[in-house]
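Below is one structure, written out as structure tokens, with a few remarks after it.
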Amino acid sequence: MALVFDKMHVIIEGKTKIIYENPDDPKTVFMKFKDDITAGDGVKHDVIQGKALVDWKTNKDIFEYLNRKGIHTHYVESPQECVSIVRKLDYKIDLEVVTRRVAAGSILKWGTAVEGQRFDPLITQFHYKDDPLHDPMLDAAYVEFIISSKQDGHWFKEMREINIDVFQELETAFKQCRIQLIDFKLEYGLIDGKVTLIDEISGGSFRLWPYAKENPDFNQPNILSELDPKGRLDKDNYRLGESLDQVQTKFEQIANLTDTFKDLS
Ligand code: C5P
């Protein structure tokens, strides 16, 4: 029987999802995807018919894959289209944790990294989650100071470790589809005192660039020539002003790719 959300209590409505109380289970909540798409800290906003469905599919495939890989996530199951059940948070950590394999996006603005530069080891950054402040990055020395402190230091250490584990798992999975995972952003909370991967992972969370060659050589400091950034499948299409139809088509392609993650052990 389809769930009826009209009478359910909304815990919070965000830019792309609504979180509802689960009347049958206080330990979980419903996460309902919306057709909205935003960029530039919410300044650019549109509604794309059917986006909720493709984001839900992508998110479901990715979280089921990560759960199978033993990553500690909030995801439980998806009882119907556009709806997932996730474990209820005790505490939301207001950080965006970004990991990068290849230089693209905001890291280029600081002037040192060159587009296509390959990072090995991966680079991880913590950003304070605040749209009006444009999600400022935490000072790296301050992060190290927190990690060395006895109090909450282990949260940061664990978030960084999980970000890297998830990156490696998803990089391997997309590699089977001849796509390079460039970077992504993840979020965390505490459930039963444990640092847990939360939120969604969908076309807006990462950059995905197809391979440009039959046999790309990723064993070099800059791999831009091996990749096809113009064929990108991710939300940069929206940020760069592509038509909404084109944005949706690319998101559908992502959902078709993550559908194959079911076959990965
Ligand atoms: O813009 P920037 O290069 O810092 O983004 C790094 C990664 O984090 C990209 O994959 C982007 O899609 C993602 N991101 C996000 N939400 C934000 C900021 C960045 O999902 N608020």
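The values are calculated or read from the model by the stated rules, or taken from the named source; none is laboratory data. In this text the structure is predicted, and so the values were computed from the model without any measurement. Here Cβ is always computed from backbone atoms with ideal geometry, including for glycine, and neighbour counts include all displayed protein chains. Note: areas computed on protein heavy atoms with side chains; ligands, DNA, RNA excluded. Shrake-Rupley method; radii C 1.70, N 1.55, O 1.52, S 1.80 Å.
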Q: Could you give the spread of the C-alpha atoms of the range 20-126 along their three principal axes, from largest to smallest, in whole angstroms?
A: 52, 35, 25
(Q) Can you show me the helix-derived [θ] at 222 nm for the chain, built from DSSP H runs with n ≥ 4 at -39,500 (n - 2.57) apiece and divided by the number of residues, rounded to the nearest 500. (A) -8500 deg cm²/dmol
Q. Within the accessible area of the chain, what % is carbon and sulfur when the probe is 1.4 Å and the other protein chains stay in place?
A. 50 percent
(Q) Using a 1.4 Å probe on the protein heavy atoms only, what accessible surface does His127 show? Give it in Å² to the nearest 10. (A) 20 Å²
Q | Selection from Val54, Asn22, Gln80 lying farthest towards where the dipole of the range 5-87 points positive, charges on Cβ | A | Val54
Q) Can you pull the accessible area of Thr112 for me, 1.4 Å probe, Å² to the nearest 10? A) 120 Å²
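Taking a threshold of 20 Å on the Cα-Cα distance, which of the pairs Lys129/Lys185; Lys15/Lys44; Lys15/Lys157; Lys44/Lys235 fall above it?
Lys15/Lys157, as the Cα separations exceed 20 Å there.
Students sometimes get this wrong: rank Met31, Met8 by accessible area, probe 1.4 Å, all chains present, largest first.
Met8, Met31
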Q) How big is the Rg/Rh ratio for the range 17-62, C-alpha atoms only, Rh by Kirkwood, two decimals? A) 1.07
Q | Rg to Rh quotient for the chain, alpha carbon positions, Kirkwood Rh | A | 0.95
Q) How about the range 170-265: which GluC sites (Glu not before Pro) there are in a DSSP loop, with at most 12 other Cβ atoms within 10 Å of their Cβ? A) Glu214
Q. Averaged per residue, what accessible surface does the chain expose to a 1.4 Å probe, in Å²?
A. 50 Å²
Q) So if we plug the beta-carbon distance of Asp120 and Val47 into 1/(1 + (r/R0)^6) with R0 = 41 Å, what FRET efficiency do we get, rounded to 0.05? A) 0.55
Q. Between the DSSP loop rule and a limit of at most 11 other Cβ atoms within 10 Å, which GluC sites (Glu not before Pro) in the range 113-168 are left?
A. none
Q: Return one quarter of the surface area of the convex hull spanned by the alpha-carbon atoms of the range 91-243, equal to its mean projected area, in nm².
A: 10.4 nm²
Q) With charges only on Cβ, +1 for K and R and -1 for D and E, what is the dipole size of the range 91-243 about its Cα centre, in debye, rounded to 20? A) 280 debye
Q: Mind grabbing the accessible area of Asp36 for me, 1.4 Å probe, Å², rounded to tens?
A: 30 Å²
Q) In whole percent, what relative contact order does the chain give with Cα contacts below 8 Å and a gap of six or more residues? A) 19 percent
Q. How about the range 1-106: which trypsin sites (Lys or Arg not before Pro) there lie in a loop by DSSP and see at most 11 other Cβ atoms within 10 Å?
A. Lys7, Lys27
Q: Output the relative contact order of the range 109-265, whole-number percent, from Cα pairs under 8 angstrom with separation of 6+ residues.
A: 18 percent
